[in-house]
Amino acid sequence: MAECSPSYSPSGRSRVLPGVSTVDVLSLATSALAAAVAASLPIRQLAEQPDDGTKDADTSSNVASNGGPKDQLQKNGSKQNVRTKLDGTVVTDADGAAQRIIVAALRHVSPDVRIVGEESRTEMERSNSKTFEEAARRFLEMDINSDAAATGGTGRSDDDASEDNTNEEDDKSQPDAEHEIAGIFQMVREEINTRYREAIGRRIDMPDILCAGIDSTGNSCDYRSNEFKGGSSVLSPIDHVVDSSRVSVLIDPLDGTSCYASGKHEYVTTLVAIVLDNTPIFGVICKPFGHEGGPCILNSGCFAVYGGVLLNGVYVAGGDEIERSRLRQQQSMSAPTNAELVEVSKSKKRRRAIISKSRAGGVVGKCIQALADEELLQGVPAFISGAGVKALHLLVGSSDESLWFFPKAGTSLWDVAAADALLRVVGGRLSDKYGEDIDYDRSRQDAENADGVVACNDAELHARCIQIFNSADWKDDE
């Protein structure tokens with residue numbers, strides 16, 4: 001039986017079994033990362049768009065488009081894209097534009113995987129700029145159909161042309177947008193294939209969740225043993241083809257929307273996670289406006305980290321494996337030296353918690369102080385906004401950021417899934433306040449993490465935090 005190449009296939013339907021819908025999760029991961037980076041283009045474009053077509057617009061008198069309260073927004077005029085949802089949270093046109101690009105790319109890989117995005121279908125329909133979305137759609141159609149001759153060399157049908165809502169100015173920018181998006185997808189597919197080959201080259205033990213699967217006749221199998229119920233050869237693990245019903249993708253197209261609306265772009269991220277059998281196996285954290293000291297992906301201005309058990313590591317897009325992931329790999333291969341153990345002991349005393357300044361009181365502050373009393377953390381936390389940026393600091397922070405402790409409602413599934421996938425492969429852990437894994441099978445309507453989130457890049461510190469919190473009888477006064 002011929003084996004599939006590990007190279008990216010946009011359709012991802014290389015092995016559709018009779019009566020069973022399947023998906024190649026490696027192709028899905030490639031599409032998730034590339035689309036998240038491509039989504040940074042309209043996010044940046046809309047942030048630079050003036051209210052009324054001029055840079056001198058008077059932003060002091062504008063309100064949200066649905067009649068909401070006045071906003072303190074950046075002077076360059078992204079406020080026209082801001083409104084308030086029924087639940088009281090802020091949303092912008094950029095949220096919907098970014099989610100549409102990501103969903104479209106994922107759907108080209110598989111029409112059947114479950115996708116849970118923060119924004120509703122109604123919000124996804126609202127946008128003042130569709131240049132990059134249309135460019136992404138055209139590129140994906142070209143990539144899948146490969147033969148553009150039937151559509152006049154544009155990858156579009158007559159029906160597509162009749163439904164084109166872009167204006168003349170957008171049309172002029174289409175070739176540049178398509179070229180930019182094509183470059184992003186090409187770079188990402190090459191990079192993920194390289195990372196996967198490296199992981200295979202290290203002769204890693206495939207995680208149980210990825211080894212269990214189905215063969216070409218629909219029988220269950222374990223790739224490591226090369227056996228299954230039926231007795232013939234099985235798919236190579238390089239295919240990563242699984243039943244689509246086992247897979248979910250969670251999307252937060254614009255985490256930190258209120259920061260985006262007020263021009264605090266350093267706290268804005270795009271989050272995407274692939275979940276297999278309720279376990280996150282791949283995560284993406286993108287910063288559309290870049291990350292200080294980090295490489296940008298081509299000309300997108302975007303910084304991104306990605307990885308998980310699917311690649312057995314965490315990487316910077318366009319860069320290297322992050323230090324925590326690399327050290328984890330080294331520790332798994334050899335015992336630490338005495339000097340390394342001494343340094344680890346010293347570093348534990350330098351560790352800091354990261355929390356939102358507005359949520360630093362009550363049990364949050366009490367638990368952090370209790371950990372500081374045991375010399376497991378510094379007593380003064382770092383104040384950082386945004387779930388995605390907090391997770392990023394746990395992974396690539398330069399100030400010994402180690403613990404994100406928030407044992408209350410206030411986050412949702414799409415806020416934490418990518419961090420969960422990434423922390424798992426650097427020796428960390430993410431759970432609720434009781435130490436239980438997050439249930440990612442919950443519906444979009446039930447997506448709030450009512451029991452909070454505790455995330456840490458050190459599983460031992462995570463366990464001690466959970467123990468201290470649950471053994472105390474603190475009253476939350478904030």
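Would you mind finding the one in LYS55, LYS85 that is modelled with pLDDT under 50 and either open to solvent by 30 Å² or more (accessible area, probe 1.4 Å) or farther than 30 Å from PHE185 by Cα (or both)?
Unique residue meeting the criteria: LYS55.
Among what's in the stretch 279-309 and is hydroxyl-bearing (Ser, Thr, Tyr) and more than 13 Å from ARG44 (Cα to Cα), pick the residue that is farthest from the chain's Cα centre (by Cα).
Here the residue is THR279.
Yes or no: the stretch 332-355 includes at least one residue that is under 23 Å from ASP95 (Cα atoms), modelled with pLDDT of 90 or more and either out of contact with any helix residue (DSSP H, G or I) (no Cβ under 7 Å at 6 or more places or on another chain) or of a type outside the set (A, V, I, L, M, F, W, C) (or both).
Here is the first cut: in the stretch 332-355, the ones under 23 Å from ASP95 (Cα atoms) are none.
No, the stretch 332-355 has no match at all.
Do we find a residue being hydroxyl-bearing (Ser, Thr, Tyr), open to solvent by 10 Å² or more (accessible area, probe 1.4 Å), assigned to a strand (DSSP E or B) and touching a strand residue (DSSP E or B) at 6+ places or on another chain (Cβ under 7 Å) anywhere in the stretch 404-427?
Yes - at least one qualifying residue is present in the stretch 404-427.
Hey, among the residues in the stretch 435-459 that are open to solvent by 40 Å² or more (accessible area, probe 1.4 Å) and not acidic (Asp, Glu), which one's farthest from ASP252 (Cα to Cα)?
The selected residue is ALA459.
Of all residues in the stretch 381-403, which are touching a strand residue (DSSP E or B) at 6+ places or on another chain (Cβ under 9 Å), among the hydroxyl-bearing types (Ser, Thr, Tyr) and open to solvent by 10 Å² or more (accessible area, probe 1.4 Å)?
Correct list: SER399 only.
Between a first residue in the stretch 357-380 that is open to solvent by less than 40 Å² (accessible area, probe 1.4 Å) and a second residue that is in a loop (DSSP other than H, G, I, E, B) and among the aromatic types (Phe, Trp, Tyr), which pairs have beta carbons less than 8 Å apart while being 6 or more apart in sequence or on different chains?
These pairs meet every condition: GLY362/TRP474; VAL363/TRP474; CYS367/TRP474.
Among the hydrophobic types (A, V, I, L, M, F, W, C), within 24 Å of PHE405 (Cα to Cα), assigned to a loop (DSSP other than H, G, I, E, B) and at pLDDT 90 or above: does that describe LEU377?
yes
The values are calculated or read from the model by the stated rules, or taken from the named source; none is laboratory data. All figures in this text were calculated on a predicted structure; none of them were measured in a lab. In this analysis, Cβ positions are derived from the backbone assuming ideal geometry, glycine residues included, and neighbour counts consider all displayed protein chains. Note: accessible area is taken over every heavy atom of the protein model, side chains too, but ligands, DNA and RNA are not part of it. Shrake-Rupley method; radii C 1.70, N 1.55, O 1.52, S 1.80 Å.
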